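To start, the structure under review is shown below, and the notes come after it.
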Amino acid sequence: MTKSEKSKIIYKEACKVISGGVSRNTIFRKPYPNYANTAAGCYITDIEGTRRIDFANNMAALIHGHAFPPIVDAVIEQLRKGTAYTLASEVEVAFAKHLSSRVAGVERIRFVNSGTEAVMTMIKAARAYTGRPKIAKAEGTYHGTYDFAEVSQTSNPSNWGDVGGPNSVNLAHGTPKGVLDNVIVFPYNDIEKTIAILETQADQIACVIIDPVPHRVGLVQGTQEFIEAIYNWTRKNGALLVFDEVITLRVNYGGAQEKYSVKPDLTALGKIIGGGFPVGAVAGRAEVMKVFDPHEKNLLLPHSGTFSANPITMTAGYKAMEFFDREAVTKLNTLTEKAVDQIKAVVKLVDVPVSITGAGSMFRMHLRQTPPKTYREAYQTKEENAVINELLDFMYRKQKILMVNTFTCMLSTVMGQHEIDVLTEGLHKAFKALKPKIAKLKNSQL
Ligand SMILES: Cc1ncc(COP(=O)(O)O)c(C=O)c1O
């Protein structure tokens, strides 16, 4: 066995016992994924010995990169004291206080184990509080794998229908019709159409769920006007405005919600608040969060979870967030702006139709002359996807840079100018190599 074949051989074994050889499609790579050996800071080394700069950071979850020493030390200390108890632990309370002090929408919180679980629990809380069955969500948004949250996540021109009333399209085969009937789909950032759609079933809607910078919609920010319009509509119609900040908490010290004039009733959190361990949280106004409170005579939403708020995750998450203070957030966002500026200069130099969207410490590149504003504009054809995969492959194999598979970068605080320069230089080469293919794409001049 040569060194370069190690991953290939393990993957062959993996396929005999793990469906498709992987437990998450995110890391699936043709012809086979590489297996990680070790990671520290912003570098990850696979078992073949290839070292790459990590601009994926476990899908935006590692705000301080890998093996951040303060987290490692604190977790080792906690490991010796036990990993999960059928008792409360003090660190949970300290961490809850910290999050409440920095995020406006966090008056009360409950920790869970993933972003999916956070969104699911948030939707159930909205239903329990309002006594209504339906939710409204934007076309194309990814909110994890709860079946209600998955609706129209990947709708396409053949099934999405009229933009004035998009179809509720199932993601998974076998999704019950009852699920589709209870999810109303609207076009993100389009106030007029969205309000008209919500109006058609106003008294049925428990919540309108908003990701303030939805990745799959194109990593475009929700406008102030759009968020205010939805908020005002929910006030008039007895529904809740709920935010999915599983990714976007990293955007400002107080999350993406910090910049809006209105606050969500509930917020789902995840990713960076776990400090590298599995995590989620649902938080919100004290009055709404009472649905979970076992003191209540009429408990509306009984809620538990074997590993929820386990002291390992709480310890790691608390450390990660303490170190992600205002100064660290500003420094990281400034570095990201610098990266975007450098890449824009390269795009101009090579003269390729590439635009960039994003917020805070994340950005996404599109093979379009102008940045897309909607899911339908950002929608990638098969041909476009093929070129993006070639670009990603070029970056991964030739430039030794790992990125998120939508041609997106999620930065970490341990990065510096050197990593940005290597990224820019790598993209320069990739754009040059694939320029003829990018220019040939039907949508590239849009
Ligand atoms: C916006 C958003 N919501 C929810 C989730 C689900 O989180 P998890 O993968 O932890 O279940 C994700 C994950 O990528 C996400 O990006």
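The values are calculated or read from the model by the stated rules, or taken from the named source; none is laboratory data. What you are looking at is a predicted structure, and each value in this text was computed from that prediction instead of being measured. Cβ: placed from backbone, ideal geometry, glycine included. Neighbour counts: every protein chain shown. Please note that ligands, DNA and RNA were not included when accessible areas were found on the heavy atoms of the full protein model with its side chains. Shrake-Rupley method; radii C 1.70, N 1.55, O 1.52, S 1.80 Å.
For Lys435 and Leu349, calculate 0.36 nm times their separation in residues minus their Cα-Cα distance, and state this gained length in nm to one decimal. Don't skip to the end; give the middle numbers.
On the way: separation 86, 0.36 × 86 = 30.96 nm, distance 1.17 nm.
Length gained, Lys435 through Leu349: 29.8 nm.
What order do you get for 15-25, 338-348 when each peptide is scored by the mean count of other beta carbon atoms within 10 Å, highest first?
On the way: 15-25: 10.5, 338-348: 16.5.
In descending order of packing, they fall as 338-348, 15-25.
Please report the net charge: other residues with Cβ closer than 12 Å to the Cβ of Thr200, K and R +1, D and E -1. Show your work: numbers first, answer last.
Numbers: positive: Lys134, Lys193; negative: Glu199, Asp203.
Around Thr200, the surrounding residues sum to 0.
If I model a spin label at Lys400 and Ile27 as a point 7 Å from the Cα along the Cα→Cβ vector, what separation in nanometres do I get?
For Lys400 paired with Ile27, the spin-label model returns 2.1 nm.
Can you list the trypsin sites (Lys or Arg not before Pro) in region 363-446 that are in a DSSP coil and have 13 or fewer other beta carbons within 10 angstrom? Numbers along the way, then the final one.
Details: sites: Arg364, Arg368, Lys373, Arg376, Lys382, Arg397, Lys398, Lys400, Lys429, Lys432, Lys437, Lys440, Lys442; in loops: Arg368, Lys373, Lys400, Lys442.
Sites meeting the loop and neighbour criteria: Lys442.
May I ask for the distance between the Cα centers of region 350-404 and region 180-203, given as a whole number of Å?
Cα centroid to Cα centroid, the span is 29 Å.
Give me the net charge for the shell around Thr145: Cβ to Cβ below 11 angstrom, other residues only, Lys and Arg +1, Asp and Glu -1. Before the final figure, lay out the partial values.
Numbers: positive: Arg24; negative: Glu117, Asp147, Glu150.
For residues surrounding Thr145, the net value is -2.
Want the number for Ala40 to Lys259: 0.36 nm per residue separation, take away the alpha-carbon distance, what's left?
Details: separation 219, 0.36 × 219 = 78.84 nm, distance 3.28 nm.
That pair, Ala40 and Lys259, stretches by 75.6 nm at full extension.
If you roll a 1.4 angstrom probe over the protein chains with everything in place, what fraction of the accessible area of the chain belongs to carbon and sulfur, to the nearest %?
53
Between Asp293 and Gln445, what FRET efficiency follows from the Cβ-Cβ distance if R0 is 45 Å, with the result rounded to 0.05? Numbers along the way, then the final one.
Numbers: r = 56 Å, r/R0 = 1.24.
Calculated transfer efficiency: 0.20.
Would you mind working out the accessible area per residue for the chain, using a 1.4 Å probe, and quoting it in Å²?
On the way: 20030 Å² over 446 residues.
Roughly 45 Å² per residue, with all protein chains present.
Gap in Å between the Cα centre of region 300-322 and the Cα centre of region 121-174?
For region 121-174 versus region 300-322, the Cα centre distance is 27 Å.
Just going by the charge dipole of the chain, with Lys and Arg at +1 and Asp and Glu at -1 on Cβ, which of Ala56, Gly165, Leu299 is farthest out on the positive end?
Comparing the listed Cα positions along the dipole, Ala56 ranks first.
Report, in order of residue number, the helices in the chain meeting two criteria: a C-alpha extent of 27 Å or more along the helix axis, and a mean Kyte-Doolittle hydropathy of at least 0.0; treat each whole DSSP H run as one helix.
Numbers: long enough: 326-350 (36 Å, 0.10); 417-440 (33 Å, -0.41).
Helices passing the filter in the chain: 326-350.
Counting Lys and Arg as +1 and Asp and Glu as -1, each charge on the Cβ, what is the dipole of the chain about the Cα centre in debye, to the nearest 20? Intermediate values should be presented prior to the final figure.
Values: 53 positive and 44 negative charges, 212 e Å.
Rounded to the nearest 20 debye, it is 1020 debye.
With runs of 4+ DSSP H residues as the only contributors, calculate the mean residue ellipticity of the chain at 222 nm using -39,500 (n - 2.57) per run, divided by the residue total and rounded to the nearest 500. Walk me through the intermediate numbers first.
Working: 14 runs with 166 residues, N = 446.
It lands at -11500 deg cm²/dmol.
Relative contact order for the chain: what is it in percent, counting Cα pairs under 8 Å that are at least 6 residues apart? Can you show the working numbers first?
Values: 845 pairs, mean separation 89.3, N = 446.
Once divided by the residue count of the chain, the mean separation gives 20 percent.
Could you tell me which trypsin sites (Lys or Arg not before Pro) in region 234-303 are loop residues by DSSP with no more than 13 other beta carbons within 10 angstrom of their beta carbon?
On the way: sites: Arg235, Lys236, Arg250, Lys259, Lys271, Arg285, Lys290, Lys297; in loops: Arg285, Lys297.
Listed in order of number, the matching sites are Lys297.
Run the numbers on region 26-172 and let me know its relative contact order in percent, using alpha-carbon pairs under 8 Å that are six or more apart. Write down the numbers at each step before the final one.
Details: 113 pairs, mean separation 14.8, N = 147.
Normalised by residue count, the contact order of region 26-172 is 10 percent.
Starting from one equal scatterer on each C-alpha and no solvent at all, send me the Debye-based log10 I(q)/I(0) for region 1-137 at q = 0.11, 0.13, 0.19 Å⁻¹, two decimals.
Reported log10 I(q)/I(0), two decimals: -0.69, -0.91, -1.24.
Counting other C-beta atoms within 10 Å, and keeping those with at most 11, which DSSP coil GluC sites (Glu not before Pro) do you find in region 237-309?
Taking region 237-309 and a limit of 11 other Cβ atoms within 10 Å, the loop GluC sites (Glu not before Pro) found are Glu296.
If N is the number of residues in the chain, what value comes out of its Cα radius of gyration divided by 2.2 N^0.38 Å? Mind showing how you got there, number by number?
Details: Rg = 21.9 Å, N = 446, 2.2 N^0.38 = 22.3 Å.
So the Cα radius of gyration is 0.98 times the expected 2.2 N^0.38 Å.
How much net charge surrounds Trp160 when only other residues with a Cβ under 12 Å from its Cβ are counted (Lys, Arg +1; Asp, Glu -1)? List each step's numbers first, then the result.
Working: positive: Arg376; negative: Glu139, Asp162.
Local net charge: -1.
If I stretch the segment between Glu192 and His173 completely, what's the gain in nm (0.36 nm per residue apart, minus their alpha carbon distance), one decimal? Please report the intermediate quantities before stating the final value.
On the way: separation 19, 0.36 × 19 = 6.84 nm, distance 3.21 nm.
Additional length available on full extension: 3.6 nm.
If packing is taken as the average number of other Cβ atoms within 10 Å across a peptide's residues, how do 148-157, 162-171 rank, most packed first? List each step's numbers first, then the result.
On the way: 148-157: 19.5, 162-171: 16.2.
Taking the mean over residues of other Cβ atoms within 10 Å, the ranking is 148-157, 162-171.
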